[in-house]
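Q: Let me give you the structure first, and then I'll get to my questions.
Any read-out appearing in this document is the output of simple, stated calculations on the displayed coordinates, not a laboratory observation. Just so you know, these numbers come straight off a predicted model, no measurement behind them. Note: ideal-geometry Cβ built from the backbone for every residue, glycine included; neighbour counts use all protein chains shown.
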Amino acid sequence: MPLLAALVMAPLHAAAVSAADPPARPAVRPLSAEELARAYVVAWNEHDAEKAASFFDERVAYYDASTPERQVGRAAAKKNVVEAFMKMAPDCVWTITSAPISGRGGVTFEWEFSGTNSGDMADGTKATGKKFSFKGATVLRIRNYKILYQADYYDAYTFLKQLGLAK
């Protein structure tokens, strides 16, 4: 009789365990370098500094043409570049204007950045209320699906001139 009980109860026990287990999830494919770059730009356009910074490696090095020195570390890059730009132009739009070129460990793309300087700059310069639009290029080095290095190259003089801050 114990064998018969075991045979009858085994399928019921298996069904109970299966019902309690969460359904299997399909394997998630990591983002390609190009997909990561596009998702990162989307976070900027959502004006979500935290989300944008989540794409950075903890040790990211970020060079921006308008800042005097490279920002090292996620917190510094978030505060001194991402949040600084989002504060000085809360309506900023970053548009990829060419097909990204990606290779092993990185991606680069051309872009246009535009908005209205309605917030003060990180250095204390008061908002001008002027619209701006300039073109540039970004180089991203990626490791373990995070941005390890970012360099943004553009004509900072033209940007400042559009804001009335340079002659």
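Q: In what sequence, highest mean first, do 108-119, 38-49 appear when ranked by Cβ atoms within 10 angstrom?
A: So the order, starting with the most tightly packed, is 108-119, 38-49.
Q: Give me a comma-separated list of calculated 3J(HN,Hα) values for segment 95-107, in order, Karplus coefficients 6.51, -1.76, 1.60 applied at θ = phi - 60°, integers in Hz, x for any Gly or Pro.
A: Along segment 95-107, the couplings run 10, 6, 10, 9, 5, x, 10, 10, x, 4, x, x, 8 Hz.
Q: Output wanted: per-residue J couplings in Hz (rounded whole) for segment 42-55, from phi through Karplus 6.51 cos²θ - 1.76 cosθ + 1.60, θ = phi - 60°, x for Gly and Pro.
A: Coupling constants for segment 42-55: 4, 4, 4, 6, 7, 6, 10, 4, 5, 5, 4, 5, 5, 7 Hz.
Q: Taking θ = phi - 60°, what integer Hz values does the Karplus form 6.51 cos²θ - 1.76 cosθ + 1.60 yield along segment 113-128, in sequence order, with x for Gly and Pro?
A: For segment 113-128, the Karplus curve yields 10, 9, x, 10, 6, 9, x, 5, 7, 4, 7, x, 4, 5, 4, 9 Hz.
Q: I've got another one for you. Where the eigenvalues come from the Cα gyration tensor of segment 41-159, what are the semi-axes √(5λ) of the equivalent ellipsoid, largest first, in whole Å? Numbers along the way, then the final one.
A: Working: eigenvalues 101, 53, 32 Å².
Listed largest to smallest, the semi-axes of segment 41-159 are 22, 16, 13 Å.
Q: Now a separate question. Under 13 Å from the Cβ of Ala166, count the other residues' Cβ atoms, weight Lys and Arg +1, Asp and Glu -1, and hand me the total. Spell out each step's value before the answer.
A: Values: positive: Lys130, Lys161, Lys167; negative: Asp155.
Neighbour charge sum, excluding Ala166 itself: +2.
Q: May I ask you to work out the translational diffusion coefficient for segment 26-93 at 20 °C, viscosity 1.002 mPa s, via Stokes-Einstein with Rh from the Kirkwood sum over Cα pairs, reported in whole µm²/s? Numbers along the way, then the final one.
A: Values: Rh = 12.7 Å.
The calculation lands on 169 µm²/s.
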